[in-house]
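Encoded as structure tokens, the structure appears first; notes follow it.
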Protein chains: 2
Amino acid sequence: MERIYNFSAGPSMLPLPVLEQAQKELTNYKNSGMSVMELSHRSGWFKEIIEGAEQGLRNLMKIPDDYRVLFLQGGASQQFSMVPMNLLGPSKKADYVHTGSWSKKAMKEAEKFAEVNVIVSSEDGSFTYIPEVTEDMIDEEASYVHITTNNTIEGTAFRNIPDTGDVPLVADMSSNILSEEVDVSKFGLIYAGAQKNIGPAGLTVVIIRDDLIGHADANVPAMLDYKTHSDAGSLYNTPPTFAIYMAKLVFEYIESLGGLKTMEKINREKADLLYETIENSDLFTSPVKKDSRSLMNIPFVSPSAQTDAEFLEEAQERGLETLKGHRSVGGMRASIYNAMPQEGVQALVRFMDEFEHHRNK
Amino acid sequence: MERIYNFSAGPSMLPLPVLEQAQKELTNYKNSGMSVMELSHRSGWFKEIIEGAEQGLRNLMKIPDDYRVLFLQGGASQQFSMVPMNLLGPSKKADYVHTGSWSKKAMKEAEKFAEVNVIVSSEDGSFTYIPEVTEDMIDEEASYVHITTNNTIEGTAFRNIPDTGDVPLVADMSSNILSEEVDVSKFGLIYAGAQKNIGPAGLTVVIIRDDLIGHADANVPAMLDYKTHSDAGSLYNTPPTFAIYMAKLVFEYIESLGGLKTMEKINREKADLLYETIENSDLFTSPVKKDSRSLMNIPFVSPSAQTDAEFLEEAQERGLETLKGHRSVGGMRASIYNAMPQEGVQALVRFMDEFEHHRNK
């Protein structure tokens, strides 16, 4: 079998040219006689890789100089506790916007340290929309406001980043980082697990404004203190070296396409094509309100679980893989991250049309 | 340049057949049409990988059924805090054996949670030996006794595992796990960063006895609670999937050689050859006491920093890489983990002889 179109919510597709370059130099990186996986993290070889990865990300996201870029481990789930452990001020208050399964997990961890205040929620609408966040909702004493910019399971995304005034905005950007242009200066801290748009699983990227570093209590474990990693240039202990190398290659690949401006254009085209197909269909519907739709994770359902199952089975036979929706939403979910080619979405909508047409005969 | 002999303390060499297999299937794993890095961690494909990795490790180390195997992130440095956060009983007391730089770091983190008692130390001898640990040293109220079985920087190793009676023995085995046969039942908990003998950096293996799971305080972050990962089969959140796949391949490779019995025999031969060369040399000396010598990390020094520098430069020209000693010990350090071929050690001792002979002319 040739390579297939993998619509997994993550880990998911990586750009084929990146995989091919990694494959080519897997046993001998740049004539060093070593695999990247074998390089000491203190070596000149690896220094070049990690500095290149940071610069690549800085260029793509136009990260201002007063922000640090950290390469960590543990995924967004570890950030759910690191954020309050590092950012809570004396008030111990934190404001959260509740938009789905992942914000719920973030709040559950924060509650171990903070007085968590849900300033607005879309739970009343089964998380099918993004609620408006206005400055008057925000507690002036809150140490930060937390949002999930893209909700992987529910298929929603903030189309506008809220203005939180002087209270730092913290964002879980795991499933839409690098998918479109973003003004980093609106955020105090951005975190993202790598396994959707950055690289392989096992790497977590944190972008944090300087003034938010150094406020952890003395009894916070060194590994959970942003200052530890900031001071050491993400080399306090052995980092996930191969994942950082892969991230560097992905950043270079996105830059070669034209950066986030181009990436956003391609992503909009892919998502528009799929949403139009759903809109024009008499069989499939989107559970998500129009103004809140994600460009990355697109759930759709047919009227019956039986039809969903038939669709999924036939799709897989055509090399359209991992389209099953999350159990909490049901139906189908197409995750079309940066590395999903336009041809993959075209193949999906072609099959959706055929499937519907065939049933109507 | 062809592949070189890399004596790095870690990340370090991986078995070439493992790298070659990973290379072969990097863009299409077992005809799935996907890279291992692209597989959903919830897929059947990955389930087979993580279960295979666990079974491979269980077979190699003969892990008893009442122990769990966890695949985590964060390295030994994160275990330094996870151990006390999970294992401390009401007494909040923990006993530590102090044998070098890494045990010092382990204690520093534990002090944030525990009353740390150094029951014995080799600091008086600059950590050039392993002190004897006897049962009478151990506080009956201690929640655990912590040792570092192999000291990567100092080049020492416990040749006998102490008997700690009813107090669970916790071991940082990062730099000698899988290097020789071990009786897991002597330990309550074993942890190891992967990047020496297991696989690429970014994976941490924890082997924990059932009864030590589930004692973390309610406010411990979910990601730092062993119970979270034990209950979820290491799939609470996205694990470092590619590193786990590489570990599985390494476990299979060691099994194919004859398991830990053969591995230990090969490692003893490699280490014996290098120690004999040092003993027979008039130029090089070992700073480590004979009964405490590591099979994995072998420091040696010449009488002058100038000679050390010349040795290192000429060694590198011959494809003998990363032999520089840690700054705290100086001189040279040959890390000869499982994946260092016997030919690599032979090439090193041949060069040591030549270097010494050439100087004496």
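The values are calculated or read from the model by the stated rules, or taken from the named source; none is laboratory data. For clarity, every value in this text was computed on a predicted model and none was experimentally measured. A quick note on method: Cβ atoms are made from the backbone with ideal geometry, for glycine too, and the neighbour counts reach across all protein chains shown. The protein model used for the area step is the full one, side chains on, heavy atoms only, and it has no ligands, DNA or RNA in it. Shrake-Rupley method; radii C 1.70, N 1.55, O 1.52, S 1.80 Å.
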Inset, instruction - Could you tell me whether any residue of the range A:291-304 is in contact with a Gly (Cβ under 8 Å, 6 or more places away or on another chain), of a type in the set (Lys, Arg) and away from chain B (no Cβ under 14 Å)? - result: yes
Inset, instruction - Return the total of residues in the range B:35-53 being open to solvent by 10 Å² or more (accessible area, probe 1.4 Å) and either without any contact (Cβ under 8 Å) to a residue 60 or more places away in the chain or not assigned by TED's automatic domain parsing to the domain that holds B:Val250 (or both). - result: 7
Legend entry - Residue tally, condition more than 20 Å from B:Thr204 (Cβ to Cβ) and in contact (Cβ under 8 Å) with a residue 40 or more places away in the chain, over the range A:55-77: 12
Legend entry - Breaking point among (1) open to solvent by less than 10 Å² (accessible area, probe 1.4 Å); (2) of a type in the set (Phe, Trp, Tyr); (3) in contact with a strand residue (DSSP E or B) (Cβ under 7 Å, 6 or more places away or on another chain), for B:Tyr275: (1)
Inset, instruction - Can you confirm whether the range B:237-253 contains a residue that is assigned to a loop (DSSP other than H, G, I, E, B), touching a helix residue (DSSP H, G or I) at 6+ places or on another chain (Cβ under 7 Å), more than 16 Å from B:Ser81 (Cα to Cα) and open to solvent by 10 Å² or more (accessible area, probe 1.4 Å)? - result: yes
Inset, instruction - Could you tell me whether any residue of the range B:192-214 is over 14 Å from the mean Cα position of the chain (by Cα), in a loop (DSSP other than H, G, I, E, B), under 30 Å from B:Ser286 (Cβ atoms) and of a type outside the set (Lys, Arg)? - result: no
Legend entry - Inter-residue pairs, beta-carbon under 9 Å, first open to solvent by less than 30 Å² (accessible area, probe 1.4 Å) and in the range A:332-345, second of a type in the set (Asp, Glu), 6+ apart: A:Met332/A:Asp308; A:Ala339/B:Glu38; A:Val345/A:Glu269
Inset, instruction - Take the residues in the range A:217-231 that are more than 11 Å from chain B (Cβ to nearest Cβ) and surrounded by fewer than 22 Cβ atoms within 10 Å (Cβ to Cβ), then tell me which one is nearest to B:Ser101 (Cα to Cα). - result: A:Asp231
Inset, instruction - Would you confirm whether any residue within the range B:11-21 is within 30 Å of B:Leu169 (Cα to Cα), open to solvent by 10 Å² or more (accessible area, probe 1.4 Å) and free of Cβ contacts under 8 Å to residues at least 40 places away in the same chain? - result: no
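Conditions tested, residue by residue: (1) of a type in the set (Asp, Glu); (2) surrounded by fewer than 22 Cβ atoms within 10 Å (Cβ to Cβ).
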{"site": "B:Thr134", "(1), (2)": "no, yes"}
{"site": "B:Asp139", "(1), (2)": "yes, yes"}
{"site": "B:Asn150", "(1), (2)": "no, no"}
{"site": "B:Asn176", "(1), (2)": "no, no"}
{"site": "B:Glu181", "(1), (2)": "yes, yes"}
Legend entry - Qualifying residue in the range A:117-131 (condition: out of contact with any strand residue (DSSP E or B) (no Cβ under 9 Å at 6 or more places or on another chain), of a type in the set (Ser, Thr, Tyr), open to solvent by 10 Å² or more (accessible area, probe 1.4 Å) and farther than 30 Å from B:Leu72 by Cβ): yes
